[in-house]
Amino acid sequence: MFEIFTRMADWLAYELPGLSPTSKAGTALHFFIEDSSKIFVLLLVMIYLIALVRASLNVERVRNYLAGRHRGFGYLMGSGFGAITPFCSCSSIPVFLGFTSAGIPVGITMSFLLTSPLINEVAVLLLLSLLGWKFTLLYVLIGMTIGMIGGLVLDALKAERWLQDFAARALEQGQARATDSDNSADNHQPVMNLQQRHQFARDETLEIFGRVWKWVIIGVGLGAALHGFVPDNWIEQHLGGGQWWSVPAAVLLGIPLYSNATGVIPVMESLINHGLPAGTTLAFCMSTVAASFPEFILLKRVMRLRLLALVFFMLLIAFTLVGWVFNLLTPFI
């Protein structure tokens, strides 16, 4: 299926400029051309198709639905909604405020917020094509589990008391209205016709593509640099031995960086190809996507420092445990 991208990369990287397939520059350029073209096609085609299916999704209805359900089911639904929505950690915050204003408990809202940057349909499709269905399935299950457990813990600690004042007031007002909203008008969204669905899918494709293409370039560029210029055994020698400390080291290394799930996947592929264990790679990429400094600077708008620190350390512990467990499971994947 993807042979056309390999042949195109062969021509553009080797035949046209005359680079050798064994040279570092040729290898890096070939990786960049093949992976970026493959990812861009997947982005355009699959975002459009998925947007067609999601065209009738009413965020207000989802909020009202979550607000009135059993708490355990709410964690699952919040995490699941985070997994199917194409939000990065920064663009998830306005939705977080919307959920809070709708009176949805903080734990359910946090299940959404923690899961959304880790998983989206683009990341799942790229993982599926690059690393296989077993790795992809485990990645999705782990991401959703982190969101659900995080929401449960924050609800148990009554984390709403550590929201910023305006967010806490919005939550109280939303909860007061929640019992009267079950039969409200925004629960009845008109069904779109085919033309309206096409327009919605087209606009969403252009909007999402415009937001993530630069991260694809950055991610594939870093992956190409690792693939072409880092010696094959360097990463394996320094971090690939499965040492216990390599996982927390990878988590800490990812904190100052920022990417989204789309841009970090080519880096993940390159690191695994260079011998970094899958769990260590996954811990690094999760830290880069969901525990980076830029995200927490934005979260400071809605959370007090105590809640921000709690979420931060919860994520670091979760990613470290995930890395250790995943390294143990890798031989069986």
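Derivation of every value follows stated rules applied to the coordinates shown; laboratory data play no part. In this text, all values refer to a predicted model and were calculated from it rather than measured experimentally. Backbone-built Cβ (ideal geometry, glycine too); neighbour counts: all protein chains shown.
Laid out as a table, the results:
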{"read-out": "Fraction in percent of alpha-carbon pairs per bin - 5 Å, segment 130-175", "value": "5, 18, 16, 15, 13, 10, 8, 8, 6, 1"}
{"read-out": "Estimated distance in nm for a label pair at residue 198 and residue 8, the labels positioned 7 Å out from Cα along Cα-to-Cβ", "value": "2.4"}
{"read-out": "Nonlocal amide H pairs with residue 303, under 5 Å, H built at 1.01 Å", "value": "164"}
{"read-out": "For segment 314-319, Karplus couplings with θ = phi - 60° (6.51, -1.76, 1.60), whole Hz, Gly/Pro x", "value": "4, 5, 4, 5, 4, 5"}
{"read-out": "Burial ranking of peptide ranges 197-203, 23-29, 249-255, 106-112 (average Cβ count within 10 Å, highest at the top)", "value": "106-112, 249-255, 23-29, 197-203"}
{"read-out": "Mean Cβ neighbour count within 10 Å, used as a protection proxy, ranking 134-145, 300-311, 30-41 highest first", "value": "30-41, 134-145, 300-311"}
